[in-house]
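Here the structure is laid out as structure tokens; the discussion comes afterwards.
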Amino acid sequence: MSKSYKLLISAILFSITATSSPALATPYTGADIELDGTAFSSIDGNTLYNDLAGKSYVWGKTGDNVYTNWGNLWIEYSASLTPGNWNIGLNAINYGDTLGPSGWYQFFDISSNLNGSNISNANKLLYIPASASEVNYDYFNIDIDTAGDYTVKYYWTNDKYIDSEQDANIEIISAFFDNTTTGSPVPEPTSMLLFGTGLIVLAVFKRKYVTVQQHSRFSSLSGITLNSYNITIKAD
């Protein structure tokens, strides 16, 4: 007599797209090179102001961070990179406390452009979760074949504003360059749990028939795919 065991494993799996890595909450830490927001190599307008009151299309300074309440401005960060596989990105937060209710503004959309030795106009897109209370990050991943000086230019492309109510103002905490070949990446806890659970279940049954159905849908969160797995195990 056969028995059927069904289990539903649902997990959020972050798909690495051609444009960028998955955006994640909390700051990116432990990078080989991390530059304060004010440690830029060049900036749109060539001037950093202590106060943006009455000024348009410029960058401001708050401590070691830079911020702006105007979209489509650029800022550049430079670093000397060695051959390897690099994560290059930003840690950012909303400047001030006027971001608005949850869901009103979800991501800072950042266009990035990398130039350097043997690399020209490597364009990537970043989507940093917008928060007025947490520093979040996103990065793109790229192989560097030649040691040299590299510069990445970032543009904030999706400013949003409702007069006297809500305002998205990006504040750059730091820019980072992390050589992934110099350390061991930490496995994502959700993935570890998913695979561990699967191995335990499969080990329980010596004779089994397994079918797997995958259902995918693209979520409203840019760059994230939701995958549901229906796994049916039949054992005698």
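Looking at GLU76, GLU171, just one residue is acidic (Asp, Glu), modelled with pLDDT of 95 or more and surrounded by 19 or more Cβ atoms within 10 Å (Cβ to Cβ), and that residue is GLU171. Within this structure, PRO129 fails the test of being crowded, with 16+ Cβ neighbours inside 10 Å and outside the structural domain of THR146 (by TED's automatic domain parsing). Looking at TRP104, TRP70, TRP156, just one residue is assigned by TED's automatic domain parsing to the domain that holds PHE40 and either within 25 Å of THR181 (Cβ to Cβ) or at pLDDT 95 or above (or both), and that residue is TRP156. Exactly one residue out of ILE12, ILE93, ILE88 is of a type outside the set (Gly, Ala, Ser), at pLDDT below 95, closer than 20 Å to TYR137 by Cβ and assigned to a strand (DSSP E or B), and it is ILE12.
Conditions tested, residue by residue: (1) surrounded by 18 or more Cβ atoms within 10 Å (Cβ to Cβ); (2) over 27 Å from ILE144 (Cα atoms); (3) within 23 Å of the chain's Cα centre (by Cα).
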{"residue": "ASN50", "(1), (2), (3)": "no, yes, no"}
{"residue": "GLY60", "(1), (2), (3)": "yes, yes, no"}
{"residue": "GLY89", "(1), (2), (3)": "yes, no, yes"}
{"residue": "ASP109", "(1), (2), (3)": "yes, no, yes"}
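The values are calculated or read from the model by the stated rules, or taken from the named source; none is laboratory data. Because the structure is a prediction, the values reported are computed rather than measured. Please note: Cβ atoms are built from the backbone with ideal geometry, for glycine as well, and neighbour counts cover all protein chains shown.
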